[in-house]
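Visitor: Sharing a structure, written as structure tokens. Questions coming.
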Amino acid sequence: MFASLHIPVSIRFASLVAGLALCAAGAASAQSTVVRVTTNVGNIDIQLLDAEAPKTVANYLAYVRSNAWANVLVHRSVPGFVIQMGGYTWPVASSSPVKITQLPPVVNEFSASRSNLRGTLAMAKVGGNPDSATSEWFVNLANNAAN
């Protein structure tokens, strides 16, 4: 089962075309969902932790399946730290970004064993409110476990 969602992504002066797609997980992770981010510089497969963070995974997949992230853009890119998206789209016919309609916040499913390590995806939250994750997510480009 493979559903494609094409997402043009802008990072300052560079342009990156990306898409999200649900893929069947490999044999090593039979219980995990994989989301593929397809870009013009290669694919990124994101293995979701279905059993370890079921509410977060359900929230993430709800945005993917509803096409809410169509034409999503990277709105935060800090080399050696994070790349963040999921908060805004840039509709084809629009001259400016539009905030994504958010689903209800998700309860924090924190675990020190997997928190903010390089290469992990995490949901963005409002400072001081661990149960505030909605549509925005980021990929850790470094070991940010201290955050």
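Visitor: Can you say whether Ile100 is touching a residue at least 40 places away in the same chain (Cβ under 8 Å) and not hydroxyl-bearing (Ser, Thr, Tyr), as far as the supplied structure shows?
Guide: Taking the combined requirement at face value, the residue does not satisfy it.
Visitor: Examine the range 28-49 for a residue that is part of a helix (DSSP H, G or I) and modelled with pLDDT under 55, and state whether such a residue exists.
Guide: Yes, because at least one residue in the range 28-49 is part of a helix (DSSP H, G or I) and modelled with pLDDT under 55.
Visitor: Could we say that Val139 is on the phi < 0 side of the Ramachandran plot, open to solvent by 50 Å² or more (accessible area, probe 1.4 Å) and of a type outside the set (D, E, K, R) here?
Guide: It is false that Val139 is on the phi < 0 side of the Ramachandran plot, open to solvent by 50 Å² or more (accessible area, probe 1.4 Å) and of a type outside the set (D, E, K, R).
Visitor: A further question follows. Quick one: in the range 86-99, of everything that is among the aliphatic types (A, V, I, L, M) and at pLDDT below 90, which residue is surrounded by the most Cβ atoms within 10 Å (Cβ to Cβ)?
Guide: Of everything passing the filter in the range 86-99, Val92 is surrounded by the most Cβ atoms within 10 Å (Cβ to Cβ).
Visitor: Could you please give the count of residues in the range 92-124 that are polar (S, T, N, Q) and farther than 17 Å from Ser135 by Cα?
Guide: Counting residues in the range 92-124 that are polar (S, T, N, Q) and farther than 17 Å from Ser135 by Cα gives 7.
Visitor: Considering every residue within the range 101-122, establish whether at least one is out of contact with any Leu (no Cβ under 6 Å at 6 or more places or on another chain), modelled with pLDDT under 90, of a type in the set (Val, Ile, Thr) and farther than 21 Å from Thr33 by Cβ.
Guide: The answer is no; no qualifying residue exists.
The values are calculated or read from the model by the stated rules, or taken from the named source; none is laboratory data. These numbers were taken from a predicted model, which means no experiment stands behind them. Methodologically, a virtual Cβ is constructed for each residue, glycine included, from the backbone with ideal geometry; neighbour enumeration extends over all protein chains shown. All accessible areas refer to the heavy atoms of the entire protein, side chains included, with ligands and DNA or RNA removed. Shrake-Rupley method; radii C 1.70, N 1.55, O 1.52, S 1.80 Å.
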